[in-house]
C-alpha cells in the first residue's frame, strides 16, 4: 500500500508540474503586451460575427469592420451601442478589411477583392465598387493587411490548392494603384516548420485567420483561430515566436489591427451565449 501511495504521489506531482508548465506557456505574451489583461469592447448585434477590423491612418477614434455574412462595411466608435454601415456587396463570406489612404479593400473567402473609396461610405449603398477576381490562386482566404506607407496589400492564404498546409502558408503582395486596382508585386511564405519548432506541435496545420504589421516593431503578427495561436514573424517572414491564446478570452479570434501607438486589437466572433467583441492590448514599450 505504501509503495502504491508513493507511485500515486509521484504521478500526481508529475501531472501538476506538466499542468504548471502549460499554464506558464499559456500566459506568455509578446514583448510590450499582456495577452491576459485586455480592455474589452462588446460589439452591437450587427457585428455578432465580426470577421475583420481596421483603422484609417492608425487612428483608433473610428474602427472599421466587416462580418462574414453581409456585404456591409461597419464603422463607429469602440464601445458604442450602435455603429453605422454602408452596403458594398451582396451576401457572402467576407473575411477581412484594410484601408490605405482613400481605398478600402475587403477580402472574400474565395480570394475576390472589393475596393471602394473611403470618402463615400456615408452613402447607404455604394455604386463605385470594383470587384477584382483571378488575382489569387484557388483556395480559402481570411488574412489581409494594407501597408499605407508602402501602398502595398498583403494577403495570406488559409488553405490554398497549390500548397501543403503542413509545410507552408503562401502569401501574395500587390501594389495598390491610385484607382484601387491591384498589381501583382511578389509573394512570401510562412514556413510551418518554424511554428512547429517553437510550439512543439509536430502535427500542426497552420490556418491563419488575420494578419497585421506592428507599426512600432515592424514585425508581422498573425492570428490562427483554428490553432488558437498568435504568431510573430520578422520583416523577412521568419517566425520568431508563437503564443497560445486562452480560448476563454479569445472565443473566436478573426480580426487583427494596430493603431499608430502600437496598441493591438483582436476581434472575436460571438455565439449564442456571447456577443462579438474587440480586445485591446495596450503597448507598454519594448522593455
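Read the figures in this text as sums done on the coordinates, not as results from a lab. The model shown is predicted, which means the values in this text are computed figures rather than measured ones. FYI the Cβ positions are ideal-geometry reconstructions off the backbone, even for glycines, and counts take in every protein chain you see.
Simple spin-label estimate for residue 29 and residue 193 gives 3.4 nm between the two label positions (7 Å along the Cα-to-Cβ direction from each Cα). Candidate values (1) -0.52, -0.72, -1.27; (2) -0.62, -0.85, -1.30; (3) -0.54, -0.80, -1.44 were compared with log10 I(q)/I(0) by the Debye sum over Cα atoms at q = 0.10, 0.12, 0.16 Å⁻¹ computed on the shown model; the agreeing label is (1). Model label sites at residue 69 and residue 151, defined 7 Å from Cα along the beta-carbon direction, differ in position by 3.9 nm. The value of relative contact order for segment 224-266, using C-alpha pairs under 8 Å at least six residues apart, is 30 percent. Fully extending the segment from residue 177 to residue 39 would add 46.1 nm, taking 0.36 nm per residue of separation and subtracting the current Cα-Cα distance.
Our summary gives the chain a relative contact order of 19 percent, counting only alpha carbon pairs under 8 angstrom and 6 or more residues apart. Please label the shape of segment 139-287 as rounded, prolate or oblate, based on the square roots a ≥ b ≥ c of the eigenvalues of the alpha-carbon gyration tensor (a/c under 1.5 means rounded; beyond that, a/b larger than b/c means prolate, else oblate). Rounded, since a/c falls under 1.5.
Taking label positions 7 Å along the Cα-Cβ direction at both residue 91 and residue 118, the computed distance is 3.1 nm, reported to one decimal.
Fully extending the segment from residue 125 to residue 201, taken as 0.36 nm per residue of separation minus the present Cα-Cα distance, adds 22.7 nm.
If R0 is taken as 41 Å, the Cβ-Cβ distance between residue 271 and residue 235 corresponds to a FRET efficiency of 0.65.
Give the shape of segment 209-264 as rounded, prolate or oblate, defined through the alpha-carbon gyration tensor: a ≥ b ≥ c are the square roots of its eigenvalues, a/c under 1.5 means rounded, and otherwise the shape is prolate if a/b is larger than b/c and oblate if not. It comes out oblate by the Cα gyration axes. With the cut-off at 1.5 for a/c, could you classify segment 155-214 from its C-alpha gyration tensor as rounded, prolate or oblate? Prolate is the answer for segment 155-214, as a/c is 1.5 or above and a/b outweighs b/c. Axis angle, to the nearest 10 degrees, between helix 2-26 and the longest C-alpha principal axis of the chain: 20 degrees.
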